[in-house]
Amino acid sequence: MLSGRTTLTKFAVEQLRGHPGQHDLVTLLSKVASAIKTIAAMVSKGALDGNLGSLGTENALGEIQKKLDVVSNEVMVSNCEWSGQLCGMASEEMVSPYAIPQQYPKGEYLLVFDPLDGSSNIDINMSVGTIFSILHNGSNETPAESNFLQAGTQQLAAGYALYGPATMLVLTLGQGTHCFTLDRDSGNFVLTHRNLKIPAQTSEFAINTSNARFWEPPVARYVKECKEGASGPLGRDFNMRWIASMVAEVHRILMRGGIFMYPRGGKDAAQPDRLRLLYEANPMAMLIEQAGGMATTGRQRILDIPPEQLHQRVPVILGSRDEVKRVIRYHTEHDTGIDRPFVSPLFQERSLFTQDC
Ligand code: AFP
């Protein structure tokens, strides 16, 4: 039973054979996996360890921090800072990049992560996760913030942990997307789903519809058509899901297809976008594309976006290829005006008072 099982480390060694950074990347992934096991153990304790509830403090983005947000961040840092692969880290929970302390050896890699994604679920015992991304710094010098601002196409590895009924680690090293399940008896992450492939078509959409009044027209158009189902232009009924944890939504899409949207437009006018580019959108976009799906803002491939700020936010539409292509088309039709009936300037509403009077 055990002989034919592939562990995360064995899989990474095989996938990275011949890569100049094979040793460092395999070691770094094993440290990330150790941190994930520790976080899994903490999450599974629920209220028993006093780790639930909020701290009343705010993170880099002004969001109230849950105790487990901060503790999970500390676990990621303490597991990964000392083994000599990293020269810096960045996290949703840290305003500025974390420099590796002087007493530790430094490597050439950067680790970027959301230590606890979906933390609004933690107090109600619903799915949460950890998202991570590995970039190359080019040297082992302490990185400036600008060193982290690399397009998603530069990622060497991307992955997430899902703390569900089973703890799962989903990973891409640029050669497909693969899923490992934690065997709590041995403590190993065991390969259980090799080369996940997302169905091109879907009938399941995920979006927070309480934001509907803020959406741009192409998103509103698509969601309306999903809700019209078989009697509408899509000609088939859709189902809807919303788990309030991007990790859980993406995992469902990797397992059975679907489209996840957190588009531009929300209740906080100061923050029209919600999801962070470097440690949410980019790693998830790489995992989705490596599984045959697409990930876009509606107007631009996520992985092509040149980051401008460490905690930059972007609109995210990702999942089954055919559906994401449809939403992209709706954005193009809106932006070029062809989704609206042509009205001759002669008949357009006009006013005697121009804007600048
Ligand atoms: P938190 O980690 O602050 O709970 O945010 C999770 C998240 O960034 C993403 O994982 C969810 O898809 C999305 O926010 C949920 O947003 P709503 O709370 O607006 O539904």
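Data table
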item: Proximal charge balance of residue 263 [Cβ under 13 Å; K/R count +1, D/E count -1]; result: +4
item: Against the rule of thumb 2.2 N^0.38 Å, how large the Cα Rg of region 204-336 comes out; result: 0.98
item: Cα gyration tensor category, rounded, prolate or oblate, for region 8-193 with a/c compared to 1.5; result: oblate
item: Accessible solvent surface per residue of region 8-193, calculated while the other protein chains remain in place, 1.4 angstrom probe, Å²; result: 39
item: In degrees, nearest ten, helix 67-80 long axis to first principal axis of the chain (Cα); result: 50
item: Integer Hz, Karplus 6.51/-1.76/1.60 couplings in order for region 85-97, x for Gly and Pro; result: 9, 9, 10, x, 9, 9, 8, 4, 8, 10, 4, 10, x
item: Protein-only accessible surface order, largest first, of 215, 242 at 1.4 Å; result: 242, 215
item: Reduced Cα scattering model of the chain, Debye log10 I(q)/I(0), q = 0.07, 0.09 Å⁻¹; result: -0.32, -0.51
item: Prolate/oblate/rounded call for region 35-96, Cα gyration tensor, a/c under 1.5 rounded; result: oblate
item: Counted charge near residue 16, where neighbours are those whose Cβ lies closer than 13 Å (Asp, Glu -1; Lys, Arg +1); result: 0
item: Degrees, to the nearest 10: 217-228 long Cα axis against longest axis of the chain; result: 90
item: Solvent-accessible surface (1.4 angstrom probe) belonging to residue 262, in square angstrom, nearest 10; result: 40
item: DSSP bridge orientation in the chain - percent antiparallel, rounded to nearest 5; result: 80
item: Lysine pairs meeting the criterion (Cα under 18 Å, 8 or more apart or interchain), as found in the chain; result: 9
item: Apportionment of accessible area to carbon and sulfur, the chain, percent (1.4 Å); result: 52
item: Net +/- balance of residues flanking residue 339 in space, Cβ distance below 13 Å, scoring K and R +1, D and E -1; result: +1
item: Cα centroid separation, region 217-248 to region 113-192 (Å); result: 28
item: Alpha-carbon centroid distance for the pair region 90-104 / region 308-329, whole angstrom; result: 28
item: Nearest 10 degrees, 0 to 90: helix 321-335 Cα axis against the chain principal axis; result: 40
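The values are calculated or read from the model by the stated rules, or taken from the named source; none is laboratory data. The structure presented is a predicted model; accordingly, all values stated were derived computationally and were not measured. Cβ atoms come from the backbone with ideal geometry, glycine included; neighbour counts cover every protein chain shown. Heavy atoms of the whole protein, side chains included, go into the accessibility calculation; ligands, DNA and RNA do not. Shrake-Rupley method; radii C 1.70, N 1.55, O 1.52, S 1.80 Å.
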